[in-house]
Each structure stands twice: as structure tokens, then as C-alpha cells.
Amino acid sequence: MKNKENPSPEEGGRRRPFPGIRLKLTVFLLPLVFLLITLIAVAVTKITDDAIRNDLMQRGVAISRVVALSSGYSILSGDRLAMDRLAVETKNSTGDIEYVSIRDTENVVLAHNLIEEHGKAYVAPEPRKALGTFLETQAYETMHGSKELIEFSTPIFFSGKRVGTVSLAISRDSVLAAQKSIRKSIAIAAAVFLGIALLGTFVIASFITTPVKQLSSGVNELSGGMQFTPIPIRSRDELGELTRNFNRMAETILSQKNRLSRYAKDLEESYIATVRVLAASIDARDPYTLGHSTRVAFLACELGRKLGFSTEEIEHLEKACLFHDVGKIRTPDDILLKEQRLNLQEVEVMRRHPDEGADILRMAPSLHRYIPVVRYHHEWYNGNGYPEGKKNAEIPIHAQIISIADAFDAMITSRPYRRALTTKGAIEEILRFRGTQFSPELTDSFVRMLKEMPPMEAVSADTAGWRGMAL
Ligand SMILES: [Fe+2]
């Protein structure tokens, strides 16, 4: 049974959008992964920057010290040629050395890779940032023109006496280029890892959410009454176990549901059979109405065929005819079988049978479709009938057909208080109520049908005979 207080999405119409597990996992995991990759990239960048810088510092200090050690004797001996060669060869040893200067204690340049600097007073570039002292070598950042340099100054000693200073500058351009290249590589690697992490997050989320989604659609299939297809078990873990248990539960539910459906169908069929027996019993209670329901069914079905009803509608109409007076089972015998005319109070009781019939049919859902016909088969076209005084199109067409067939059969059947009318007399009587009790169109069709048939007097009133004509 559906819960009306909490309608399902199908009943309630629109399902409110909500973030799925996959989106939640992605939103939760991606920032973590992004943060982790960023931290690793920053750490790797710093480590490589430090390594490049230390390498530069060690190289500058080492070269400067080698030049200082090599030039001490030349200064004392005045061998300027050796010092120039030393300065030029050192300058040319690597591409990033900007200049090499050897000067005496008076700060006069004794050797330089540029010959024009010889004999000049050495003018040290403006230091921007001291980088520290490594053994006796001082290092600091400076600018030379537009170039960033690191200058290394190492005192020259010979026999324990200071005889001069070596200044050597290395360009930072190559270092900066190396750092830039490495940072670019790190950024590319980080982007690739981030992409892999994004893909991995989706794969992990899908791995978790796919079985959950399949379970969810399985539950929807079950609750919607659709055919259930067992969900494939794709993993040997808790989700796989859950899927296996769900499949078993669904099979059990479907099996129970099918069994209940069979029971319900059997019950319905039993009830319909009971109502048929009841209808026949009603007719049999009164010898004058024996076979009445069957004769009404015959006439109504014939009229239905003339009106172009489908086979299904004819079957529906026939059953409605059989059930139309079933409510009379609750009418006392002293009223139903009374041979004199009924008084007003008895008429009132008699008029309850449409509602009583509706109550009986209400007990079986498959008979609910006949309730309106049974309930309104005594309504009049002009609204003067009962139980509600419905009129015209408010009265179901099947009820209008039964009304006219019911009246005609009553007229051609003898009662203790009156003789049966002939077919001709009954037709005249039916025409007298055209437009009041009966629909004009139905009256015309019914009369036309009767005139095409053999007179009713020629047909045996025996139920089997009528039944044979009806079917
Ligand atoms: Fe009736």
C-alpha cells in the first residue's frame, strides 16, 4: 500500500535534486589531493632551489680559492703574465663567470680578464645582500649593469702574509634559468598528478556509488511493481554481500507478492461467482421475475450491439445486467413477494435496492466498475428517478440501457396485480415515457430494435431460451 502522507517521487511528482555520493566524495577528496600536491610541489621547488644555490656557492668559493692559492707567488714575483693567464683561463673555464680580478693590498688591479682594467683601482660593485663567509671567502649578491651577480672575494696569502685579493663574479642568469626550468617541470608534474588524482577520485567514487545506485533502482523497481532483474554482484566485499542479500530479499518479496496476487484473484473470482448466484437467487425468489436479469441482459446487449459497443463493453454491460438487482437480497420477502400494490413505506424500502447493490459490489474491487450502473439504473432521464435524481448525461449510458430493458421486461411479464402487456402495448408504453423516464435517442433505438425482432410472445419466457438468444 502506498503511503499517502509520504508520497513517493513518482506520486508526489518532482524529486528534489540532491548532491550524490560521487559529488560529495569528489568535493571532499579533491581539495585534499590538491593541497597535498601543492605542498609537495612547493617543498620540491624549495629543495631544488637550495640545491642549485648551494652548488653555485660551493663552485664560486672553490674557484675563487683556487685562483687565490695560484696567484700568491705570482704577485710576489711580479709575474703579471701568469696572473693574466690565470684570470683569463678562469673566466673562460665556465660560461657563467663574468669577471676575475686579482689585486694587491693597495686595491690596484694586477690582473683581470679585461686588459683595460689593469693598473686601475678596483671598484667593487655595490653589494645588495651579504650571503655569508665561507672559510675566508666572502659572498654577496650584486648587480653589474642589468645582470644579477654573486661576487666571491678571497684574500691571497703567501707564507702567512696577505698579498692581495681575488674577486670573482658568477652570473645568476644560468641559475635562474635552471630554477625556472625545474619549476616548470614541477608544475607540469603537479598538473599531471592532479589530473590522475581527479580521475582516481571519480573511479573510486564510481566503484562505491555504482552498486548503491543499482540497489536504489532495484528498490524502485520493487516498490513500483515492475519486473525485478537481479543486480549483478561485482565485488567480494561488504557491497557485494549487501547486493547478494538484497537479491534474496527481492526474490522473497516477489514470490510472496505473486502468491498474494493469486489468492486475491481466486478470492475475487469466488466473490463474482457468489454475486452471480445471488442475482439468480433474487430472480428465483419471485416466480414472476424468474429469469428477469437474464432477459434484461439479452435486451440490453442487443441494444448495445445496435449502438456499436465493443465486445468488451458488451461483456461489461451483460455483467452489470446480471448484478443490477442484487441489492434486493436485502429486501424482505414480505415486500419483495407482496402480491398487492406496495404502500409508500414499502416503496421506500424497495427503493433502497440500488444502494444495497452498490454496497455488496463495493466489497470486491474488481466489481467496483459496476457500482455506478447498479446504483443509477432507476434514475430517470428528466431527473425524477432515484436514488439521487440524476438526469440526462449524468446517468451512465449502461444504466440508461438497463433502465429501458428492465422496464420493458417488467411490462411484458405478468404480475399478480396486472396482466402482461403485449410487445406492441409495451412499445407504446415505452414511447409514452420517451424524454421523461428514458432518453429519446435510446428509446428510438430500442423500439427500432424490438420491431426488427420477432414479437416477444413468440419467444419462450424460459430463461434458457432467452439466455440462448443473448449469448
Ligand atoms: Fe432494479
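The values are calculated or read from the model by the stated rules, or taken from the named source; none is laboratory data. Owing to the predicted nature of the structure, the values given are computational and were not obtained by experimental measurement. Ideal geometry is used to build each Cβ from the backbone, glycine not excepted, and the neighbour counts take in all protein chains shown. For the accessible areas, the whole protein counts, side chains as well, though only heavy atoms, and no ligand, DNA or RNA atoms are used. Shrake-Rupley method; radii C 1.70, N 1.55, O 1.52, S 1.80 Å.
Starting with the highest mean, order 313-323, 412-422 by the number of other Cβ atoms within 10 Å, averaged over the residues of each peptide. Don't skip to the answer; put the middle values down first.
On the way: 313-323: 21.0, 412-422: 14.1.
So the peptides 313-323, 412-422, ranked by packing, come out 313-323, 412-422.
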From phi via Karplus (6.51, -1.76, 1.60), per-residue ³J(HN,Hα) for the stretch 390-406 in Hz, x at Gly/Pro: 5, 9, 6, 6, 5, 8, x, 4, 5, 5, 5, 5, 4, 4, 6, 5, 4
Which whole-percent values make up P(r) of the stretch 266-470 when all C-alpha to C-alpha distances are grouped in 10 Å steps starting at zero? 9, 36, 41, 14, 1
Violating pairs (Cα-Cα greater than 22 angstrom) within the set LYS24/LYS46; LYS213/LYS257; LYS24/LYS213; LYS91/LYS120: LYS24/LYS46; LYS213/LYS257
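Projected area of the chain, taken from the Cα convex hull and averaged over every viewing direction, in nm²? Numbers along the way, then the final one.
Values: hull surface 176.0 nm².
Seen from a random direction, the Cα hull of the chain projects 44.0 nm² on average.
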Positive-pole candidate from SER223, SER445, ALA320, dipole of the chain, charges at beta carbon: SER223
Between the stretch 379-402 and the stretch 47-101, what is the separation of their alpha carbon centroids in Å? 121 Å
How many angstrom lie between the C-alpha centres of the stretch 279-331 and the stretch 168-230? 74 Å
Just how many % of Cα pairs in the stretch 25-180 lie over 29 Å apart, if you round to the nearest whole percent? 29 percent
Taking a probe of 1.4 Å, how large is the accessible area per residue of the stretch 25-180, in Å²? 56 Å²
Rounded to the nearest 10 Å², the accessible area of ASP286 using a 1.4 Å probe with every protein chain kept is 10 Å²
Measuring from the lowest to the highest alpha carbon on each principal axis, how far does the stretch 188-227 reach, largest first, in angstroms? 54, 10, 10
Whenever you get a sec, compute what percent of the accessible area on the stretch 25-180 sits on carbon and sulfur atoms (1.4 Å probe). 62 percent
Rounded accessible area of ILE40 (nearest 10 Å², 1.4 Å probe): 100 Å²
Please give the per residue accessible area of the stretch 266-470, computed with a probe of 1.4 Å over protein heavy atoms only, in Å². 49 Å²
Sum -39500 (n - 2.57) across every DSSP H segment of at least 4 residues in the chain, then divide by the residue count to get the 222 nm mean residue ellipticity, nearest 500. -20000 deg cm²/dmol
